[in-house]
Amino acid sequence: MLSDVVDVLACPHCGRACSAVPSGLRCEEGHHFDVARQGYVSLLTGRHSGHGGDTAAMVADRADFLAAGHYAPIRDLVAATAATAVESGGGPARVVEVGAGTGYYLAGVLDRLSRSRGVAVDVSRYAARRAARCHPRAGAVVADAWAGLPVRDHAVDLVLNVFAPRNPVEMRRVLAADGVLLVVTPEDHHLAELVGPLGLVGVDTRKRERVDDQLGAHFRPVERRPLEFGLVLDHAEVRRLVGMGPSAHHVQGVEVSSWLAGQPEVVSVTGAVELSVYRPR
Ligand SMILES: C[S@@+](CC[C@H](N)C(=O)[O-])C[C@H]1O[C@@H](n2cnc3c(N)ncnc32)[C@H](O)[C@@H]1O
Ligand SMILES: [Zn+2]
């Protein structure tokens, strides 16, 4: 619940600490934020970049696709890596997932790290509605990562970033000196069997270098864990996978239907990602 993570949050207007009040959150300067009926709080400010993040339809497809377990190998790897990497001085770890979507990976980590608490940050309120329910020890916040994370300085032991936008300055600011950043990025052959035929948004083949360059001033890479796994998808699951991703905006349903018409009932697809572990410089 949100009340489990209020001590980690910072007011998006003045940066001061927040506390829970009956109607929501209140900072030390008196700025007030209502908690939505669904349990999340919006900490968006006027500095918002205007990008609303994933739509309701994309989030619904993502929730269904993840619930079927197709990305469980990624969740297991993230949770296992978090368990070995986090040094919270023996205390319960404080976790933030940036671009958390439904909170699927955050929930996996919180399950693995006993008594840990986590904040799911996403600019999409549809995502936040789901993330607010992802785990009993998680709270969900709507915020634009590019405008800044509404999180206190050095208040976090672990930042997660899975297939999501990265703001290196902010991720560094919120992490404790001995904290850890886990980033999951797709490899260039991730979902290759679908990317070519369906014209999906492909992966930049220099993705890893690009991420290292982007993070380099603030983080040093300490470990890489590649992961390859198979997905066996029926036609509805292929549609969800297209619908939940960046291609949802430009790939037409009719193109997907005509391609699927020539395929067997289940399609085998390669999942290929890399988990990178970073420490603050
Ligand atoms: C590809 S999805 C990944 C979601 C989740 N990490 C997962 O893998 O299931 C990217 C997420 O980033 C969110 N997002 C996009 N721009 C953002 C921003 N500027 N600040 C915070 N979240 C953002 C989207 O709303 C979406 O939920
Ligand atoms: Zn304030």
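FYI, it's all coordinate maths here, none of it is from the lab. Remember, it's a predicted structure, so these values are computed and weren't measured experimentally. Here the Cβ positions follow ideal geometry from the backbone for every residue, glycine too, while neighbour counts run over all protein chains shown.
Across the chain the C-alpha pair distances fall into 5 Å bins from zero in the proportions 1, 6, 12, 17, 19, 17, 13, 8, 5, 2, 1, 0, 0 percent.
Translational diffusion coefficient, Stokes-Einstein: compute it for the range 1-158 using the Kirkwood radius over C-alpha pairs as Rh, at 10 °C and 1.306 mPa s, and state it as an integer in µm² s⁻¹. Show your work: numbers first, answer last.
Details: Rh = 15.7 Å.
Answer, rounded: 101 µm²/s.
Using the Cβ-Cβ distance between R16 and V266 with R0 set to 35 Å, the FRET efficiency works out to roughly 0.05. Convex hull volume of the C-alpha atoms in the range 35-76, normalised per residue: 129 Å³. Extending 7 Å from Cα along the Cβ direction at R37 and again at A80 yields two label points whose distance is 4.3 nm.
Give the residue from T84, V21, P246 lying farthest towards the positive end of the charge dipole for the chain; charges sit on Cβ (+1 for Lys and Arg, -1 for Asp and Glu) and the dipole is referred to the Cα centre. Checking the options against the dipole of the chain, the answer is V21. For Cα pairs less than 8 Å apart in space and 6+ apart in sequence, what is the mean separation divided by the residue count of the range 7-75, i.e. the relative contact order in percent? Averaging sequence separation for qualifying contacts and normalising by length gives 17 percent for the range 7-75. Simple point charges give the picture: +1 on the Cβ of Lys and Arg, -1 on the Cβ of Asp and Glu, and for the range 38-280 a dipole about the Cα centre of about 920 debye.
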